[in-house]
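One structure is given below, encoded as structure tokens.
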Amino acid sequence: MNPRWQKSSYCSEGASCVHISNGPATIHLTESADPTRAILNATPQGFRALLHTLKLDKAPSRV
């Protein structure tokens with residue numbers, strides 16, 4: 001596997017960064033500060049669910 005990685009737009013220079021790459025039917029995620037260079041693989045549906053959950057968590061509370 002030789003994915004083409006894209007750095008998160010939320011990453012500042014020199015900071016630990018999340019990188020993403022897509023392959024046929026798979027999304028790959030990695031974090032630059034991880035010494036093991038682990039790669040998380042997800043389906044597009046799973047990745048969409050992750051993003052949806054993260055956005056819900058950041059949404060302001062409604063009263």
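A few comments on the model shown:
- Per-peptide average of other Cβ atoms within 10 Å, ordering 44-54, 26-36 highest first: 26-36, 44-54
- Annotation: the residues K58, K7, sorted from fewest to most other C-beta atoms within 10 Å of their own C-beta, follow the order K58, K7.
- Here the chain is assigned +1 on the Cβ of each Lys and Arg and -1 on the Cβ of each Asp and Glu. Its dipole about the Cα centre then comes out at about 240 debye.
- Inter-probe distance in nm under a simple model that places probes 7 Å from Cα toward Cβ, at L50 and A33: 1.8
- Only one of (i) 50; (ii) 67; (iii) 47 was calculated from the structure for percent of Cα pairs over 17 Å apart, and its label is (i).
- Angle in degrees between helix 44-58 and the longest Cα principal axis of the chain, rounded to the nearest 10: 40
- Label-to-label distance, nm, for residues given as H19 and Q6 (7 Å Cα→Cβ offset): 1.5
- Positive-end residue of I20, H52, L40, charge dipole of the range 6-58 with Cβ unit charges: H52
- Sum of side-chain charges, T30 neighbourhood, beta-carbon under 11 Å (Lys, Arg +1; Asp, Glu -1): 0
Values in this text are rule-based calculations from the coordinates and carry no lab data. These figures come from a predicted structure and were not determined experimentally. A quick note on method: Cβ atoms are made from the backbone with ideal geometry, for glycine too, and the neighbour counts reach across all protein chains shown.
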